[in-house]
Amino acid sequence: MGNILIIDDDQMICETLADAVKGLGHEVSFALTLEDGLRQARKREYDVVFLDVRMPDGNGLQALPKLRETPSMPEIIIITGYGDVRGPELAIRNGAWDYIQKPSSKKEMLLPLIRALQYRQEKKAKKAPMALNMSGIVGSNPLMLTCYDLLAQTAQSDVNVLLTGETGTGKELFARAIHQNSSRSAHNFVVVDCTVLPETLVESMLFGHEKGAFTGADKQQEGLIKQADKGTLFLDEVGELPRVVQKSFLRVLHERRFRPLGSKREIASDFRLLAATNRNLDQMVRQEQFRQDLLYRLRSLTIDLPPLRERKGDI
């Protein structure tokens, strides 16, 4: 059983989330100000803190280090109703476990909590820390060391990660390393190469289809999203994802539910999303070639991989 603290100025959110946490068998308290939250965290031991960003007496991200320095050194899950492109990255860099955009489903709120508590239990059991599996990744340049730190942090959470960099910088290698060092490593790592998705079949390939859903569909086919259930879905060169599919994928990313072609019912897939691109997605958004809301979802945290010419010592 864990001890959970919720710091949010919205009492209704506090009470709703507290009820959900109690339903899992944990103890829970909440605070409506940062000052009260810090006071409680210094007075009592907590395993996990849900922390809102915009509070009446300050910014939650700025208070995050103070919470991490309290005696129990709790894991911090950021929850916010305000979109901030750099918010997730700043949160993870400052030691947050995960970053959740409100409103989110109960499952989206509780899943990071469950994983954070499992991580705490492993630490209390004093298990030897597992060395990172960095198969195929080389380099000791400071630019790469920064990327390794981000890899280690993201492997411990379920936050969406966007890997950027030129062709050949190792984006898929990093994606595989994040998966292999995560709690999902025993499940599938499913690669979707967006550059070769035929626009006429892309929804069938991603979502799957029922027999007879379209001409040539002579049997039921499970889609790539379902194949990634409990594992990792990697969208390689996501900038090439056809715009017609971006809207439907955005809903899947938000709810983790979708309807195979020709099916009358929705199915669920608990996947972790990683994506990579060598294109400037911000520019594509300005040119209306890529959805801004999807980009926001994709890059909860960005790892920008440097080309070899910027780290010649690694040659």
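General remarks:
- Of all the numbered requirements in (1) of a type in the set (A, V, I, L, M); (2) more than 20 Å from ASP270 (Cβ to Cβ); (3) surrounded by 18 or more Cβ atoms within 10 Å (Cβ to Cβ), LEU201 misses one, and that requirement is (3).
- Of the residues making up segment 39-60, those that are assigned to a helix (DSSP H, G or I) and surrounded by fewer than 18 Cβ atoms within 10 Å (Cβ to Cβ) are ARG39, GLN40, ARG42, LYS43.
- Each residue in segment 298-315 was checked for being part of a helix (DSSP H, G or I) and surrounded by 19 or more Cβ atoms within 10 Å (Cβ to Cβ), and 1 pass.
- Sub-8 Å Cβ pairs linking a first residue in segment 242-267 that is without any contact (Cβ under 8 Å) to a residue 24 or more places away in the chain to a second residue that is among the β-branched types (Val, Ile, Thr), at least 6 apart or interchain, are ARG257/ILE267, ordered by first then second residue.
- Scan of segment 12-31 for residues that are free of Cβ contacts under 8 Å to residues at least 60 places away in the same chain and either closer than 18 Å to SER104 by Cβ or among the aromatic types (Phe, Trp, Tyr) (or both), ordered by number: MET12, CYS14, GLU15, THR16, ALA18, ASP19, GLY23, VAL28, PHE30
- Residue check, PRO242 surrounded by fewer than 20 Cβ atoms within 10 Å (Cβ to Cβ) and not hydrophobic (A, V, I, L, M, F, W, C): yes
- Condition met for PHE290 (in a loop (DSSP other than H, G, I, E, B) and either buried (at least 17 other Cβ atoms within 10 Å of the Cβ) or in contact with a Cys (Cβ under 7 Å, 6 or more places away or on another chain) (or both)): yes
- Hits in segment 37-60 (condition: within 23 Å of SER104 (Cα to Cα) and charged (D, E, K, R)): ASP47, ASP52, ARG54
- Tally of residues being outside any loop (DSSP other than H, G, I, E, B), surrounded by fewer than 21 Cβ atoms within 10 Å (Cβ to Cβ) and β-branched (Val, Ile, Thr) across segment 149-181: 1
- Against the test of being surrounded by 20 or more Cβ atoms within 10 Å (Cβ to Cβ), of a type in the set (Lys, Arg), modelled with pLDDT of 85 or more and assigned to a loop (DSSP other than H, G, I, E, B), the options ARG265, ARG184 yield a single qualifying residue, ARG184.
The values are calculated or read from the model by the stated rules, or taken from the named source; none is laboratory data. Every value quoted in this text rests on a predicted model; they were computed, and no experiment measured them. Note: ideal-geometry Cβ built from the backbone for every residue, glycine included; neighbour counts use all protein chains shown.
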